[in-house]
Amino acid sequence: MERFLKLWHDCLHIADGLNARWGKAASHALRWGVPILLLAILGYSLTQIGWVQVWDARPHAFSFYFVLVLPFFVQPVADLIIYRNLLGVGRSLPFSIMLRKRYMNNVMVDYSGEAYFFLWARKHLNLKKGVLLHAVKDSNILSAGAGLAVVWLMLLALVESGVMKLPAFLPTNLWTIVSIGSLPLALCLALIVGGRRVTALSRGNVATTFALHLARSIAALFLEYALWWLSGALPSATVCLEFVALRLLITRLPFVPSKELVFMGVGIAAAGLMNVSAPRVAAVLVITTAFSLLQEFVLVGLPWLFEQFQIRRNADQIVS
């Protein structure tokens, strides 16, 4: 374990050096290049459908717009509860940091939010050596395991409902597929069995963290399903379940930036393949994606930018 901790810290030092040299250029390329490309593709797709048709097909139910506000806060609230419990810091860890963590993961790439949170906590929180490292590492392992468990449950629901049929070749490779796909769950089991030999967390903390991640994943899927059902864009509950499963699979793809825009493009394409109303599906995807981006900009981006402006202004005043 000491060798692992040393290796982790060496990697952080290397990452800091690379970030100083190439981090800004790569950050700007990912932050602006990928979303611009995706927006161009989406703009073309929406033009093919017809902007007027998409606007006319928008949901009119008030309940849809009420639920629309909620998904943004599911992950930050769960992360806040989890890390305050694991680190034992209480209100020293503000909710705004969890919002920024979500913002970084969504706008940049996966785990950029974890890197930001780790560096922020190491600087601002008075923690014992190794506690923060184990909390971030193990929470992400448990999150992956909980997410995988939800994926299996979703696939089981689709198979049992007859929406999806297993390929004919699957039985011959079943154990290989299950073994590879269940790796995160195996790592979660290793945390429980290994105890203090592999983690600084108690078994109670491991179980509580896994349960919170599982509840977060289920809540996010339930709200996603509720949005499709309340929108009236899809003809049945099973089709709503298919779009929820599609969103779930895209969110589980590692290191894919701007997943909201990716899902929007894939969802519009899926509407044509599934013979459902493309304007209605496009309207729901445009509204949900635009509202999520607006929430990120208003609740995270603007306050963060203002804070950085104040810090630089105060620094300039001190220098002068």
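Listed values, structure above:
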{"quantity": "Any chance ILE81 is within 17 Å of SER217 (Cα to Cα) and touching a Pro at 6+ places or on another chain (Cβ under 9 Å)", "calculated": "no"}
{"quantity": "Residues satisfying the stated conditions in region 48-68, i.e. surrounded by fewer than 16 Cβ atoms within 10 Å (Cβ to Cβ), in a helix (DSSP H, G or I) and touching a residue at least 40 places away in the same chain (Cβ under 8 Å)", "calculated": "GLN53, TRP55, ASP56, SER63"}
{"quantity": "Residue that is farthest from PHE73 (Cα to Cα) [pool: residues in region 200-235 that are modelled with pLDDT of 90 or more and outside any helix (DSSP H, G or I)]", "calculated": "PRO235"}
{"quantity": "Search result, residues across region 243-274 that are more than 30 Å from GLU114 (Cβ to Cβ) and surrounded by 20 or more Cβ atoms within 10 Å (Cβ to Cβ)", "calculated": "ILE268, ALA271"}
{"quantity": "Cβ pairs under 8 Å, 6+ apart, first in region 92-108 and without any contact (Cβ under 8 Å) to a residue 12 or more places away in the chain, second in a helix (DSSP H, G or I)", "calculated": "ASN105/SER112; ASN105/GLY113; ASN105/GLU114"}
{"quantity": "Count of residues meeting criterion [part of a helix (DSSP H, G or I) and either surrounded by fewer than 18 Cβ atoms within 10 Å (Cβ to Cβ) or in contact with a His (Cβ under 6 Å, 6 or more places away or on another chain) (or both)] in region 88-112", "calculated": "5"}
{"quantity": "Residue within region 113-126 that is crowded, with 20+ Cβ neighbours inside 10 Å and farther than 17 Å from GLY88 by Cβ present", "calculated": "yes"}
{"quantity": "Filter result for HIS134 (crowded, with 18+ Cβ neighbours inside 10 Å and more than 15 Å from the chain's Cα centre (by Cα))", "calculated": "yes"}
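The values are calculated or read from the model by the stated rules, or taken from the named source; none is laboratory data. All of these numbers come straight from a predicted model, not from anything done at the bench. With ideal geometry, Cβ positions are generated from the backbone for all residues, glycine too; neighbour counts draw on all protein chains shown.
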